Structure formats: structure tokens, C-alpha cells
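> Before anything else, here's the structure in question.
The values are calculated or read from the model by the stated rules, or taken from the named source; none is laboratory data. These numbers come from a predicted model, not from an experiment. Every residue, glycine among them, receives a Cβ derived from its backbone with ideal geometry; neighbour counts consider all protein chains shown. Remember, those area values only see protein heavy atoms, side chains included, never the ligands or the DNA or RNA. Shrake-Rupley method; radii C 1.70, N 1.55, O 1.52, S 1.80 Å.
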Amino acid sequence: RYSLFYNHLKNIEESEGGLDKFTKSYKTFGVNQLEDGGIYCKEWAPGAEAVFLAGDFNGWNPFSHPYKKLEFGKWELLIPPQDGRSPVPHGSKLKVVIRAQNGALLYRISPWARYVVRDEDKVNYDWVHWNPPQSYIHKNPSPKRLKSLRIYESHVGIASPEGKVASYKNFTHNVLPRIKDLGYNCVQLMAIMEHAYYASFGYQITSFFAASSRYGTPDDLKEMIDVAHSMGITVLLDVVHSHASKNSEDGLNQFDGTDSCFFHSGYRGNHQLWDSRLFDYANWEVLRFLLSNLRMWIEDYRFDGFRFDGVTSMLYHHHGIGTGFSGDYNEYFGLHVDEDALCYLMLANHMINTLHPECITIAEDVSGMPALCRPVAEGGGGFDYRLAMAIPDKWIQIIKELKDEDWNMGNIVHTLTNRRHEEKYIAYAESHDQALVGDKTLAFRLMDAEMYTNMSVLMPLTPIIDRGIQLHKMIRLITHALGGESYLNFMGNEFGHPEWLDFPRIGNNESYHYARRQFNLTEDDLLRYKFLNAFDRDMNRLEERFGWLASPQAYVSEKHEANKVIAFERAGLVFIFNFHPYQSYVDYRVGNSQSSLTVAFKYKILLDSDAGEYGGHQRLDHNTEYFSEEFPHNYRPNSIMV
């Protein structure tokens with residue numbers, strides 16, 4: 001793998017003048033404004049017989065501006081300035097006109113288009129030349145690389161209680177302050193790369209270089225990121241390089257009139273489950289396109305890194321379809337691995353780390369590919385983090401299948417700590433996957449229909465709501481503290497957002513009712529959602545203070561099956577969880593490692609899920625001091641009684 005990567009890197013140096021020049025192609029491909037006012041256009045269309053540019057600027061004459069054919073399937077066009085001004089005005093519509101091998105004329109959007117819009121009365125998107133007189137100028141520097149990453153997974157379009165597509169402006173003014181107050185220091189943005197089908201959740205990309213216009217303009221997005229940076233919030237892009245939409249009128253598919261171009265031809269170029277096209281990562285121009293795409297998002301918009309979606313699909317020729325992963329190394333090495341795709345990921349991480357070492361990359365891989373989060377120089381994939389995808393599945397399985405008395409403490413601890421040494425994991429109890437229609441959030445699984453009737457503080461606290469609120473807090477805290485080196489939460493789930501997430505589509509009469517986040521529920525003092533919101537906030541603030549995510553993995557001193565107690569130490573704190581459905585304990589001994597020859601260590605409660613401000617029963621006195629004794633317990637040299 002490393003040899004393949006090194007050969008690619010060597011070829012880039014020799015034939016393209018280096019990685020820096022190779023990945024700056026986003027400044028030359030597509031339609032670009034020159035300093036003298038002229039326009040330079042460049043495309044890669046190896047299957048085309050001829051290429052033209054048409055649009056508002058030439059009265060949509062498909063033949064007046066032909067491209068010149070270059071080597072290796074590239075085409076270029078230079079349009080001189082007119083009286084010192086651009087011949088293609090800002091805001092004018094354009095199309096690349098391809099004469100296919102069968103003689104047909106195909107009107108296409110450039111794969112490098114920066115801005116595409118759809119009129120309400122149209123089905124397809126239009127390519128709009130984006131060259132405003134004054135682009136947005138970033139005012140704030142990017143935050144320094146974080147040691148403890150607390151990620152708020154977000155979708156701009158649903159970030160409002162109103163039943164509509166919300167805007168970048170709304171997110172800037174209403175959601176970013178909420179994220180900051182909740183103690184999250186990183187926002188991960190979904191569905192930013194343009195996608196024609198809103199209900200795809202942003203995972204069927206049609207224009208890779210365009211920020212989605214349904215939320216606003218490119219400058220609106222730049223302002224949003226700039227404001228996040230002013231708050232010290234790192235901004236990550238959910239990037240989709242694992243596949244592309246099958247759309248041809250406003251997507252990459254059949255751009256030059258052939259079945260291949262950016263993709264494998266035939267069966268290998270189609271994803272059977274996603275009904276989408278699969279990139280040919282061995283193709284030189286595909287590498288240029290994808291690597292330049294990453295660089296554009298970093299340098300033009302100031303994103304601080306990426307969460308790579310669908311990595312498992314990229315890594316294997318079987319795309320993970322119908323395949324289980326047990327951890328056996330034969331599953332990760334062999335002819336079933338797509339080494340070209342893996343090499344692309346190594347190149348991407350190497351480029352990012354070389355040109356922008358402050359940036360962060362995350363892999364969404366369910367297979368557990370070894371060394372994916374080790375440096376490329378070690379033969380690894382080069383990612384900084386990977387998602388701990390087994391954790392949410394474990395919580396769902398426990399809640400669905402087991403009675404409270406049957407919860408297995410050892411199994412919970414094993415799932416939360418079962419990760420490879422020196423590969424960083426992002427722990428999460430649930431993400432957007434669990435919020436989608438057809439699935440259920442943890443809050444909905446725990447409380448279900450009673451969320452509609454019994455979340456008011458004016459109503460008696462029923463056993464179902466009581467159990468749901470307490471377990472919601474405990475599950476999140478133990479996942480946060482024990483499950484990884486970073487933590488993620490999907491917007492709204494921090495306060496137990498009711499119901500599910502469903503985008504407007506034919507099946508729900510194009511309704512926006514479920515495509516929103518009801519943040520207002522946390523602001524109503526008569527509703528119990530405020531308790532969960534407050535606990536999530538204080539949990540994050542406590543991590544900010546002590547930094548357990550950046551600390552070595554926890555030492556688990558107790559996982560008692562009969563008592564349903566889990567206890568562990570991390571970052572100088574002692575975490576104690578009582579998962580017993582009805583039994584409390586007094587004078588319960590818990591081991592710890594803190595010791596002193598002269599003074600007994602004193603402990604106090606810092607965070608208590610049973611506190612009144614979190615909807616608890618206030619059974620603990622927070623003024624109590626707990627002193628460490630030189631009394632060995634559970635293989636720890638000292639212990640405290642709680």
C-alpha cells in the first residue's frame with residue numbers, strides 16, 4: 001500500500017510539478033476570472049468529440065465559443081476581456097456543451113462549478129457564474145488544533161423550529177451561539193456540497209465544488225464559518241468522495257457522453273444499494289478532481305477538516321454489502337480490498353497534513369480497517385480519528401432486547417473500550433443515523449409515546465419518563481467519558497428531541513414537519529427537555545475543564561454484574577455509574593489510585609445526574625467530602641466510601 005502511495009506521489013512530483021501545483025487545479029479548471037478581466041475555461045472530457053461554452057453571455061449560441069483540445073482528454077478556452085470587463089458577468093447562467101461520440105449535443109454543468117441554483121418551476125439545477133465584485137473576506141483566524149474534540153453534528157437546512165429550509169444566516173445567528181453555550185468546540189456540517197435531492201441528507205452529490213444554494217450564497221457560508229471561528233469553534237465538512245449522484249443533467253454522470261469519465265464503467269461503476277456512481281480512483285484526473293476539491297473547501301471557505309463519509313464502501317470491492325467484520329485480519333488484506341481507493345485516502349490525508357497540518361480528518365468506517373488512523377509514513381491511512389460505530393448499535397441492542405435487570409456491565413465496558421491502541425476514536429451514543437425516519441433516537445426508544453403527554457413538569461413524573469430521562473443522561477456521560485478520544489452528538493439529540501427526522505418527499509406529501517429541530521422546547525421552563533439540555537451542557541463544560549478526552553484510556557476498576565455498578569478513573573476524576581433499576585447503595589467502596597504520604601485525598605461531587613437541575617431526585621448531598629483511604633480495593637491502592 002505504501003509503495004502504491006509513494007509511486008503516485010513520485011509521479012505527481014515528476015509530471016505535475018508537485019502536490020501543491022497538482023491540487024491547485026480548482027483555480028484553473030471550470031470557468032475562472034483572470035486579472036485582466038478575461039475568462040479562462042478548462043475541462044476534462046476524454047470521451048467528447050468537441051466542447052463549447054454557451055450561456056447568457058453569448059445568447060446561448062452552442063457553437064460560438066469552442067474549446068481547444070489538449071492532451072489527455074483536456075480542453076481549454078480563453079475569452080478575452082471586453083473593454084477591460086469580464087465577458088461573462090457575475091450571476092449569468094452557463095453550460096458546457098459536449099458533442100458526444102454519437103454526434104449528440106449534451107448541455108452539462110461543469111464538474112468544477114462553484115454555484116448552482118434551481119428555479120422553483122424547474123427540476124434541474126442551473127450553473128450560475130459566481131464572481132461578485134467583492135467576495136467575503138474572512139476576519140478571524142482558524143482555531144488552533146484541538147486536543148479534546150466535542151463535535152456537534154449539524155444540518156443547516158433543518159436547524160430551525162419552523163417547517164422550512166433554514167439558511168446559513170439562521171445558523172450563524174441562532175445556532176452557533178447555542179452550540180457555544182452547550183460546550184461543543186467543533187461543528188460538523190452535513191449536506192453542504194450541492195445535492196439536487198434534499199431528502200438524500202446531502203449524500204447524493206451533484207456539484208462537488210458548489211456550496212448548497214438552498215441555504216444561501218457562498219458568501220453566506222463563508223460568513224458562517226468566520227463567525228464560528230470567532231467563537232473558537234472548529235468547523236468540519238462532511239465530505240462525500242465515496243460515490244456521486246446518477247444525475248447527468250446537473251451532475252457528474254455521463255459528463256462527456258460516456259459511461260465512464262470520472263467513474264468505472266459498467267457494473268463496477270455502480271453502487272447497488274445507493275443507486276449511485278463509483279469513482280475510478282486509479283484515474284489521474286479523478287485524483288486531481290477529488291484532491292483539488294478538498295483543498296478548495298479548506299482554502300476558499302476555511303473549513304478546518306473533513307469527516308469522510310462512506311469509507312467502508314471505498315475500502316472494499318464488495319463495498320461492505322452483505323459482509324460482516326469480526327476483526328480477523330484476513331478481512332482487511334487481500335484482493336477484495338480496493339487498493340486504489342485506499343491509496344487515494346492516503347494521498348488525501350498526506351496532502352492535508354502537508355499543506356494544512358492544522359486540519360483534522362475523520363473516517364466513517366464500520367469495518368475496523370487496521371491502521372486507518374495511523375500516519376501514512378507508517379503505512380497507515382493517515383486519518384486523525386475514526387467513528388466508534390459499534391457504540392450506538394450496542395445501546396440500541398441493549399434497550400431493545402434486554403430488561404434493565406439483564407444489562408451486562410462487562411459487555412457495556414467492553415464495547416466502550418474495545419479500540420486499537422493509539423488509534424483515536426470518536427465516541428457517540430447516537431448520530432443522525434438513529435434520528436432518521438425508520439429508526440428511533442435513544443430518547444424515543446426510552447420514552448416513546450409518553451414524550452407527547454408527560455414531558456411537562458406540571459404532569460406527574462411517570463416511571464417511563466423518569467427512567468428515560470435518567471438513562472439518557474447516564475448513557476451519554478459514560479459514552480463521553482469512556483468511549484473514545486472525542487465525542488459527537490447530533491443536533492437536538494442532546495435534549496432528547498422528540499419524534500424522528502424525515503425530509504419532504506412524495507411519501508410524506510412534501511412535508512417539512514419532521515425536517516426541523518425544535519430548539520424552542522429547551523427554552524420552555526414547563527417542559528422537562530431543559531433538564532437534558534442542561535446536563536449535556538455541564539457534561540461538556542466539565543470535559544473542557546479536565547480534558548478526559550485527551551487523557552489516556554480510563555482504568556476501569558469495577559464492572560459489578562449483581563450491583564450493576566461501573567467505576568473507572570480518567571483525567572484525575574472518578575466516574576461511578578449505578579445502572580441498577582431499583583437499588584441504591586450507602587458506604588459503597590470504590591477503588592482509586594490517588595495517594596499521598598501525608599494527606600488523604602479529598603473528593604467532591606462535580607457532576608450528578610440525580611441533581612435537581614437535571615431532572616433528578618436530589619438524593620445526594622453535594623456538600624459531602626469523600627476522603628481517600630490507604631485501603632486497597634479492586635486492584636487499586638486506595639479507595640473511597642460513597
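> Rounded to the nearest Å, what's the spacing between the alpha carbon centres of region 6-31 and region 225-280? Just the number, please.
Cα centroid of region 6-31 versus Cα centroid of region 225-280: 20 Å apart.
> Further question: Report the FRET efficiency, 1/(1 + (r/R0)^6), for residue 82 and residue 1, where r is their Cβ-Cβ distance and R0 is 56 Å, rounded to 0.05. If you can, show how the numbers build up before the last one.
On the way: r = 52 Å, r/R0 = 0.92.
The value I calculate is 0.60.
> While we're looking at this one, here's another question. Enter the angle in degrees (range 0 to 90, nearest 10) between the Cα long axis of helix 2-16 and the first principal axis of the Cα atoms of the chain, meaning the one along which they spread out most.
Roughly 40 degrees between the two axes.
> For the pairs 21/93; 27/144; 473/564, note any where the Cα-Cα span goes beyond 18 Å. Write down the numbers at each step before the final one.
Working: 21/93 29 Å; 27/144 27 Å; 473/564 16 Å.
The answer is 21/93; 27/144.
> Classify region 387-508 as rounded, prolate or oblate, taking a ≥ b ≥ c as the square roots of the eigenvalues of its Cα gyration tensor: rounded when a/c is under 1.5, otherwise prolate if a/b is larger than b/c and oblate if not. All intermediate terms of the calculation are to be shown ahead of the outcome.
Numbers: a/c = 2.01, a/b = 1.34, b/c = 1.51.
Taking the square roots of the gyration eigenvalues as a ≥ b ≥ c, region 387-508 is oblate.
> Also, I was wondering about something else. For the pairs 180/530; 122/246; 122/222; 24/169, flag any whose C-alpha to C-alpha distance is greater than 20 Å. All intermediate terms of the calculation are to be shown ahead of the outcome.
Numbers: 180/530 17 Å; 122/246 18 Å; 122/222 27 Å; 24/169 29 Å.
Those over the limit are 122/222; 24/169.
> Using the Cα gyration tensor of region 555-641, with a ≥ b ≥ c the square roots of its eigenvalues, what is the shape: rounded (a/c below 1.5), prolate (a/b larger than b/c) or oblate (neither)? Show your work: numbers first, answer last.
On the way: a/c = 2.04, a/b = 1.35, b/c = 1.51.
Oblate, since a/c reaches 1.5 and b/c is not below a/b.
> Rounded to the nearest 500, what is the chain's calculated 222 nm mean residue ellipticity when only DSSP H runs of at least 4 contribute -39500 (n - 2.57) each, over all residues?
Numbers: 13 runs with 145 residues, N = 642.
Helix-only estimate at 222 nm: -7000 deg cm²/dmol.
> With every protein chain left in place, what is the accessible area of residue 181 in Å² (1.4 Å probe, nearest 10)?
70
> Would you please name the trypsin sites (Lys or Arg not before Pro) within region 555-620 that are DSSP coil residues with at most 16 other C-beta atoms within 10 Å of their C-beta? List each step's numbers first, then the result.
Working: sites: 559, 564, 570, 589, 602, 604, 619; in loops: 564, 604, 619.
When the trypsin sites (Lys or Arg not before Pro) of region 555-620 are filtered for loop state and at most 16 Cβ neighbours within 10 Å, 604, 619 remain.
> Continuing with the same structure: So what are the ³J(HN,Hα) numbers for region 549-565, from phi and the Karplus equation (6.51, -1.76, 1.60; θ = phi - 60°), rounded to whole Hz, Gly and Pro as x?
Computed from phi, the couplings for region 549-565 are 5, 8, 8, x, 4, 5, 9, 8, 9, 8, 9, 8, 6, 6, 7, 6, 10 Hz.
> In sequence order, what are the phi-derived ³J(HN,Hα) couplings for region 318-326 according to the Karplus relation 6.51 cos²θ - 1.76 cosθ + 1.60 with θ = phi - 60°, rounded to whole Hz, with x for glycine and proline?
7, 6, x, 6, x, 10, x, 10, 9
> Expressed as a rounded percentage, what relative contact order does region 555-641 have, with Cα pairs under 8 Å and six or more residues apart?
Values: 144 pairs, mean separation 23.7, N = 87.
Over region 555-641, the number comes to 27 percent.
> Just checking my list (1) 50, 31, 24; (2) 48, 41, 29; (3) 49, 27, 22 against semi-axes √(5λ) of the Cα gyration tensor in Å computed from this structure; which label fits?
Checking each listed value against the structure points to (3).
> Calculate how steeply helix 529-546 sits against the longest principal axis of the alpha-carbon atoms of the chain, using the helix alpha-carbon long axis, and give the answer as 0 to 90 degrees to the nearest 10.
90
> Counting only C-alpha contacts under 8 Å and six or more residues apart, can you give the relative contact order of region 96-135 as a whole percent? Numbers along the way, then the final one.
Numbers: 40 pairs, mean separation 10.9, N = 40.
Worked out over region 96-135, it gives 27 percent.
> Put 582, 168, 626 in order of accessible area, largest first, 1.4 Å probe: what do you get? Numbers along the way, then the final one.
Working: 582 170, 168 0, 626 35 Å².
Of 582, 168, 626, the descending order of accessible area is 582, 626, 168.
> Here is a further query. How far is it, in nm, from the label point at residue 120 to the one at residue 618 when both lie 7 Å from their Cα along the line to the Cβ?
Roughly 5.3 nm, to one decimal.
> Could you tell me the accessible area of residue 249 in Å² (1.4 Å probe, neighbours in place), rounded to the nearest ten?
Probe radius 1.4 Å; accessible area of residue 249 about 90 Å².
> Between region 282-321 and region 385-420, what is the C-alpha centre distance in whole Å?
For region 282-321 versus region 385-420, the Cα centre distance is 30 Å.
> Using the beta-carbon distance between residue 265 and residue 107 and R0 = 30 Å, what value does 1/(1 + (r/R0)^6) give for FRET efficiency, to the nearest 0.05? Each step should come with its number before you reach the end.
On the way: r = 22 Å, r/R0 = 0.75.
According to the calculation, E is roughly 0.85.
> So, one more: Give the distance, in whole Å, between the Cα centre of region 179-199 and the Cα centre of region 80-128.
28
> Can you give me the angle between helix 284-299 and the longest principal axis of the chain, using Cα atoms only, in degrees from 0 to 90, rounded to the nearest 10?
On a 0 to 90 degree scale, this one is about 60.
> Over region 191-296, what is the mean sequence separation of C-alpha contacts under 8 Å (at least six apart), divided by residue count, expressed as relative contact order in percent? Write out the running numbers ahead of the final one.
Numbers: 135 pairs, mean separation 21.6, N = 106.
Answer for region 191-296 is 20 percent.
> Per 0.36 nm of contour for each residue apart, how much would the distance between residue 63 and residue 40 grow if the chain were fully extended, relative to their Cα-Cα spacing? Before the final figure, lay out each step's value.
Values: separation 23, 0.36 × 23 = 8.28 nm, distance 1.71 nm.
Contour length minus the Cα-Cα distance gives 6.6 nm.
> Determine the principal axes of the Cα atoms in region 240-366, then give the extent along each, sorted from largest to smallest and rounded to whole angstroms.
42, 38, 22
> Convert each backbone phi in region 239-246 into a coupling constant with the Karplus relation 6.51 cos²θ - 1.76 cosθ + 1.60 (shift: θ = phi - 60°), then list the ³J(HN,Hα) values in order as whole Hz, x for Gly and Pro.
9, 10, 10, 8, 6, 9, 4, 7
> What is the calculated FRET efficiency for residue 506 to residue 390, with r their C-beta to C-beta distance and R₀ = 45 Å, to the nearest 0.05?
Details: r = 35 Å, r/R0 = 0.77.
In this case the efficiency is close to 0.85.
> Something else: Along Cα→Cβ, 7 Å out, is where each label goes; now give me the distance between the ones at residue 448 and residue 545 in nm to one decimal.
The modelled label-to-label distance comes out at 3.8 nm.
> In addition: Could you list which residues have their amide H under 5 Å from that of residue 276, counting only those 5 or more apart in sequence or on another chain, with H placed in the peptide plane?
Those qualifying (amide H under 5 Å, at least 5 residues apart or on another chain) are 271.
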